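No lab work stands behind these numbers, since they all come straight from the coordinates. Owing to the predicted nature of the structure, the values given are computational and were not obtained by experimental measurement. All Cβ positions, even for glycine, are placed from backbone atoms using ideal geometry, and neighbour counts span all protein chains on display.
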Amino acid sequence: MKIFVKKGVLADAKSQAIILTLFEDSKKLSGITLEIDKKSGGLISELLGNGDFEAKPSQVSVIYTRGALHAKRIALVGMGKQSDLNLEKLRAAFASVMRHLRNLNVKEAATSINLNLLPGKKEQVAQAVAEGALLGLYQYTPYKTVGREDLKEMDQLNIIADEKNFSLVETAIKKAQIITSAVYFARDLISAPSNEMTPSIMAQKAREIARRKNISCKILDKDKIKEMGMNALLAVASGSNEEPKFIILEYTGGRKNAAPVVLVGKGLTFDSGGISIKPSEKMDEMKTDMSGGAAVMGTVMAAADLHLPLNVVGLIPATENLPGGTAYKPGDILKSYSGKTIEVLNTDAEGRLIMVDALTYASKFKPAAVIDVATLTGACIIALGDDVIGMLGTDDKLKKEIISASRTTGELVWELPLWESYHELIKSDIADYKNSSGRAAGTITAAAFLSKFVGDYPWVHLDIAGPAWTSKEKAYVPRGASGVTVRLLVEFLRNRVRK
Ligand code: BES
Ligand code: MN
Ligand code: ZN
């Protein structure tokens, strides 16, 4: 769907549907809503008077204007109580009304944004409206061939802005479009089945991103990975006929020698567990084990399209984890790229293996900060549930920056501790570390393992095993891939620029 910002009067819009927001606790009409109510001969007040619409959060009601306005319909969307309003509720409301209209086969709608809904947040309010509308309408349909003509699609949302706020709204919408495109990009990659999203195809997608100005892409192939001694990555790849790829995306929007932010994303295009094979129930969902990598690619893409004046590096170790005849096995000892040795106790704890070679590689860039994103542990879902990102790391300032970004984007983040005592659990009897220490504190021991390979840079790890994939539709996340952390990381980068 395309969003256009236009000058004009909403009440006069010749649209298939005019969208209006209403609060639960102030049903006295005012402003544009009052104007449109009057013009339409009281259609809205009649509905409210009958008690047919309470303006509960994301509630939608559609009124047919029958010629009273140029517009064919008025779509009311509830915003809940005024004092409870926040950016998340705003995103949810617009996702809800847009989906409702799409179900009616409406192709186009018009609205205007009350920028004063949240004090001091005009741009964020405009951005949230566009984000909610776009993210809520996402659907993944390339493999539907039967009944394609029945697929419904919204084409256009026109946002009517007055002279005074026009350029502010236009800028905010443009940014929202860039950021949601990056989320769409990540969702598309994650939704793609693993037979069509192999490490090589991921690398190809990275090359496509790098057609932009200021982005370069380097792909290390299997021979290079071997030559360099990234044996942890190589071991995970050893059971598959698909070659691993180590993807390096570099965006230089800042000064040439300015230290970059390095983002590392887990790129397991399919995780069967390897020899420590997973149960077959829900194994299909493990095509999403490259969600961190996809989010990192999307973030680099958005950083470039937003022309952020800083340097960002994206590192994505990409491979399958399969139990082939040449697969690595429990008991194997690997010499990682860092030189430190790892005893493999469980081949299903493969994410941390490929991530540590990338974390070692990250040091080459003398990073200002390193953030890694991975669907690393099922334990994170047990600890925090489906909606929450687990955060662990060594740098309090960096953690604060992430939390602050998450307050804006609504991607929930909760910190787990990385206390000394946990580090005992990953010591190996025979090698330096072991890759698995059983069920207790699984998310923490995974992060403790990563920390052993973290160089001399501020580091935070984000475990997205929960929110990467959504089995129940959420407000503006349709069932399936969420693209989580794209908006979070972009907001984090934007905040660094604002400072
Ligand atoms: N990719 C999985 C983690 C995962 C599980 C993500 C469910 C999303 C949903 C990871 O590679 C894994 O298998 N982790 C193991 C670690 C264990 C063997 C120490 C796990 O969580 O069971
Ligand atoms: Mn695994
Ligand atoms: Zn995995």
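Between the helical axis of 396-409 and the longest alpha-carbon principal axis of the chain there is an angle of about 30 degrees. Taking 21 Å as the straight-line reach from the Cα of Lys81, the lysines in range (excluding those fewer than 8 positions away in the same chain) are Lys27, Lys28, Lys56, Lys89, Lys121, Lys122, Lys474.
Would you compute, from DSSP H runs of 4+ residues alone, the mean residue ellipticity of the chain at 222 nm, taking -39500 (n - 2.57) per run and dividing by the full residue count, rounded to the nearest 500? If you can, show how the numbers build up before the last one.
Values: 15 runs with 174 residues, N = 499.
That calculation yields -10500 deg cm²/dmol at 222 nm.
Restriction of the chymotrypsin sites (Phe, Trp or Tyr not before Pro) in region 115-162 to DSSP coil positions whose beta-carbon has at most 11 other beta-carbons within 10 angstrom yields Tyr143. Cα centroids of region 199-264 and region 375-406: 24 Å apart. With only Cα atoms counted, region 264-347 has Rg and Dmax values of 16.3, 48 Å. Counting only residues at least eight positions apart within a chain, or on another chain, the aspartates and glutamates with an alpha carbon under 20 Å from that of Lys164 are Asp12, Glu35, Glu123.
Report the Rg/Rh value for region 364-421, based on alpha-carbon coordinates and the Kirkwood definition of Rh. Expressed as Rg/Rh, it is 0.98. Across region 486-499, computed HN-Hα scalar couplings (Karplus, 6.51 cos²θ - 1.76 cosθ + 1.60, θ = phi - 60°) run 4, 5, 4, 5, 5, 5, 4, 5, 4, 5, 5, 6, 5, 5 Hz from first to last residue, x flagging Gly and Pro. What are the aspartates and glutamates whose alpha-carbon lies under 12 Å from the alpha-carbon of Lys329, with same-chain residues fewer than 8 places away excluded? Lys329 reaches Glu343, Asp348, Glu350.
For region 181-498, DSSP calls about 50 percent of its internal beta bridges antiparallel. Dipole of the chain computed with +1 at Lys/Arg Cβ and -1 at Asp/Glu Cβ about the Cα centre; of Ala303, Val454, Asn321, farthest Cα towards the positive end is Ala303. Against the main long axis of the alpha-carbon atoms of the chain, helix 122-136 sits at an angle near 80°. Here region 278-346 and region 101-154 have alpha carbon centers that stand 32 Å from each other.
When the Kirkwood radius is taken over all Cα pairs of region 216-313, what Stokes-Einstein diffusion coefficient follows at 25 °C and 0.890 mPa s, in µm²/s? Can you show the working numbers first?
Working: Rh = 15.2 Å.
Rounded to a whole number, D works out at 161 µm²/s.
Put one equal scatterer on each alpha carbon of region 181-498, apply the Debye formula with no solvent term, and list log10 I(q)/I(0) at q = 0.09, 0.10, 0.13 1/Å to two decimals. Here the Debye-derived log intensity ratios amount to -0.38, -0.48, -0.85.
Pop out the Kirkwood hydrodynamic radius of region 1-115 from its pairwise C-alpha distances, inverse of mean 1/r, in Å to one decimal.
Working: mean 1/r = 0.0706 Å⁻¹.
Result for region 1-115, one decimal place: 14.2 Å.
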